[in-house]
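Since the structure comes first, as structure tokens, the remarks are kept for the end.
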Amino acid sequence: VVWSTADADDELVQGAVNRHQERDKGLGAALGPQAGSAAARAFEDSGYEVFAALTPWVLDDPAESPLVVRLVDGWVEAACEVEPAAAVRFAAWGRRRVREFRSGDVELRVGHVDVLALPR
């Protein structure tokens, strides 16, 4: 996740969100941000022909605010689960980021990878 303008709490929030994504969800530690590349490797190791492409989401139009609100709310919720003592700070970060996006002051880029696996 990269915002076009940095906020003092971006790293704090992103770190907490990454820890949340990598937590054990009942089957061992989750892969979090590494899931796309791990899926591609697993398919390749199983004999599939794999095509992977970085396809980041670029959110730069205030009309996309509903999506950004959902993303930010989800990140704040995840961060609060991992670090409840910082909940007030996380919530304030979320309000700032949504306000900035709605006003057109920042853009958001969310890393993403598409993976296509075809049997050989």
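The values are calculated or read from the model by the stated rules, or taken from the named source; none is laboratory data. Since we're looking at a predicted model, the values are computed, not measured. Counting neighbours? That spans all protein chains shown, and the Cβs are built from the backbone with ideal geometry, glycine included.
Across segment 47-64, the number of residues qualifying as exposed (fewer than 15 other Cβ atoms within 10 Å of the Cβ), small (Gly, Ala, Ser) and either free of Cβ contacts under 8 Å to residues at least 24 places away in the same chain or touching a strand residue (DSSP E or B) at 6+ places or on another chain (Cβ under 9 Å) (or both) comes to 2. At least 2 residues being modelled with pLDDT of 95 or more and over 16 Å from GLN14 (Cα atoms) is the threshold, and among the strands (runs of 3 or more DSSP E) wholly inside segment 44-120 those reaching it are 49-54, 57-59, 113-118.
Is it the case that some residue within segment 24-32 is in contact (Cβ under 8 Å) with a residue 40 or more places away in the chain and surrounded by 14 or more Cβ atoms within 10 Å (Cβ to Cβ)? The answer is no, given that none of the residues of segment 24-32 is in contact (Cβ under 8 Å) with a residue 40 or more places away in the chain and surrounded by 14 or more Cβ atoms within 10 Å (Cβ to Cβ). Taken together, the residues in segment 4-16 that are surrounded by 16 or more Cβ atoms within 10 Å (Cβ to Cβ) and not in a helix (DSSP H, G or I) amount to 1.
Within segment 17-43, the only residue that satisfies the criterion of being in contact with a Gly (Cβ under 6 Å, 6 or more places away or on another chain) and in a loop (DSSP other than H, G, I, E, B) is GLU22.
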